[in-house]
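Asker: Dropping the structure in here first, questions after.
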Amino acid sequence: MTPAATAASTDTLALLGGTPVSSSMIPLVQVKLDESDIQAALGVMRAGGLAMGKNCLALEQEFAQLTDAAYALTCANGTCALQLVYEPLFERGDEVLVPAWSYIATASMVVARGAIPVFVDADPRTYNIDMRDAASKITPRTAAIAATHLYGNPVDIDAVEKLAAKHTLSVVYDAAQAHLATYKGRGIGAYGDAVTYSFYPTKNMTTGEGGLITTNDEDLAQQVRMLRSHGETTKYTHTHIGYNYRMTDIEGAIGLSQLQRLPELTARRRSNAAALDRAIAEIPGLTAPTTTAGGEHAYHLYAVRLDLDSMQVPAGLDVDRSSPSAVRDAFCKALNAEGVATAIHYPRSLSHQPVFESMVDEHPPVAESLASCLFCIPVHQFLTTDQVARIGEALAKVASAFRG
Ligand SMILES: Cc1ncc(COP(=O)(O)O)c(C=O)c1O
């Protein structure tokens, strides 16, 4: 091949017949158990104590310490973690301020509690709950704020606490994506009435399915413990309608084993994110994630924003141009062809979910706009330095083609 032909094939999008930046796909997530996780699970299976036991207890103690919380309680998943704290903290008919830009569970469990979700817009820089919009949505029925540390980025906790103190609101933080994020130098378990976590396989640490609650309120910890196990206060005495939301000890052992590596794995995510930030800073039309002032991001996801005004779909690419997300979707398709996996978190804001239709008067506009300009690229702990560099290269190549 002549040098001119080589240059042409590396500049040409792989989607249009050029050479991909990476010959194999760089995955968005990699779910891998370490040999020590497997041995920990086997140990429980061999010993036979399968139900919640000493491993869950040890996971709770170590997780509380690592997140600067007084109490931690394991449970079956991140959704029932929300349910277990919403139940004692909210009353039926309460209005609860929730982010319009989050995963469904943050808001759906408010409805499951019999409370009313009030959708608050997203901050256009951090994508977390916009506390000015939250303040504008307070009514005499507002009882709580349920905010998500989305993608691993802590919310503006000072602003949440200020609003909560002014109106005597309960505060729950959904940290399903934010294990080991910090705010003002303290673990996120130090803040709010309760914080909930998920250990689903794609999360920063996993137990298969699994969840956890941290709190600094002894009474709340006791209520969660009781609701988690059939509302039982003493053996076969049930004072509340509760659930069986317990974690198994096999999951507890896997979680405890994973937790030993979580600080190191989170540091890897952060250094990958820093390298991606540097690459994106050089690419017009793309914006790297902004960490909340005072926060330290846990980078469960790395969300890139596409400047739709400066980008257009290059000739020759087949897209549905009538869709508001056409440019973003084509951009992702082109990146995938270069060997970089992408994901959309999320394709629509919560106020646009059919299930909430009857509860929404107007759609928060920033959240609505994020559904067509954000996309996530790999940031996980298993990326090699070469893969991170290739992600940067692929972003530059595709952005250049889309800038025309
Ligand atoms: C922000 C958020 N909240 C809650 C959940 C629910 O967690 P789980 O899947 O463990 O029930 C998730 C899971 O994806 C999440 O991302």
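Asker: Is it the case that some residue within the stretch 393-404 is hydroxyl-bearing (Ser, Thr, Tyr) and more than 21 Å from the chain's Cα centre (by Cα)?
Answerer: Yes, because at least one residue in the stretch 393-404 is hydroxyl-bearing (Ser, Thr, Tyr) and more than 21 Å from the chain's Cα centre (by Cα).
Asker: Tell me, which strands (runs of 3 or more DSSP E) wholly within the stretch 179-234 include 2 or more residues that are of a type in the set (A, V, I, L, M, F, W, C) and within 19 Å of the chain's Cα centre (by Cα)?
Answerer: 194-198, 211-215
Asker: Identify all residues within the stretch 337-358 that are surrounded by 13 or more Cβ atoms within 10 Å (Cβ to Cβ) and part of a helix (DSSP H, G or I); write none if there are none.
Answerer: Answer for the stretch 337-358, where residues must be surrounded by 13 or more Cβ atoms within 10 Å (Cβ to Cβ) and part of a helix (DSSP H, G or I): ALA337, LEU350, SER351, HIS352, PHE356.
Asker: Looking at the stretch 241-251, can you tell me whether even one residue there is within 16 Å of the ligand (Cβ to nearest atom), surrounded by 17 or more Cβ atoms within 10 Å (Cβ to Cβ) and assigned to a strand (DSSP E or B)?
Answerer: No: the stretch 241-251 contains no residue that is within 16 Å of the ligand (Cβ to nearest atom), surrounded by 17 or more Cβ atoms within 10 Å (Cβ to Cβ) and assigned to a strand (DSSP E or B).
Asker: A further question on this structure: Quick check on my filter: what residues within the stretch 189-215 are within 13 Å of the ligand (Cβ to nearest atom) and among the β-branched types (Val, Ile, Thr)?
Answerer: VAL195, THR196, THR202, THR206, THR207, ILE213
Asker: Out of ALA115, ALA100, ALA81, which single residue is more than 8 Å from the ligand (Cβ to nearest atom), buried (at least 23 other Cβ atoms within 10 Å of the Cβ) and in contact (Cβ under 8 Å) with a residue 40 or more places away in the chain?
Answerer: ALA100
Asker: What number of residues within the stretch 130-159 are out of contact with any Ser or Thr (no Cβ under 7 Å at 6 or more places or on another chain) and within 16 Å of the ligand (Cβ to nearest atom)?
Answerer: So the answer is 5.
Asker: Pull up the stretch 163-178, narrow it to residues that are within 12 Å of the ligand (Cβ to nearest atom) and part of a loop (DSSP other than H, G, I, E, B), then point me to the one that is surrounded by the fewest Cβ atoms within 10 Å (Cβ to Cβ).
Answerer: Per the criteria, the residue is GLN177.
Asker: Now, a different point. With respect to ASP307, is the statement that it is surrounded by 18 or more Cβ atoms within 10 Å (Cβ to Cβ) and acidic (Asp, Glu) true?
Answerer: Taking the combined requirement at face value, the residue does not satisfy it.
Asker: Further question: Collect the residues in the stretch 315-336 that are outside any helix (DSSP H, G or I) and under 23 Å from the mean Cα position of the chain (by Cα), keeping them in residue-number order.
Answerer: Residue satisfying the conditions is SER325 alone.
Read-outs: derived from the displayed coordinates by stated rules, not from any lab. Remember, predicted model here, so these are calculated numbers, not experimental data. Cβ sites come from the backbone with ideal geometry, for glycine too, and all protein chains shown count toward neighbours.
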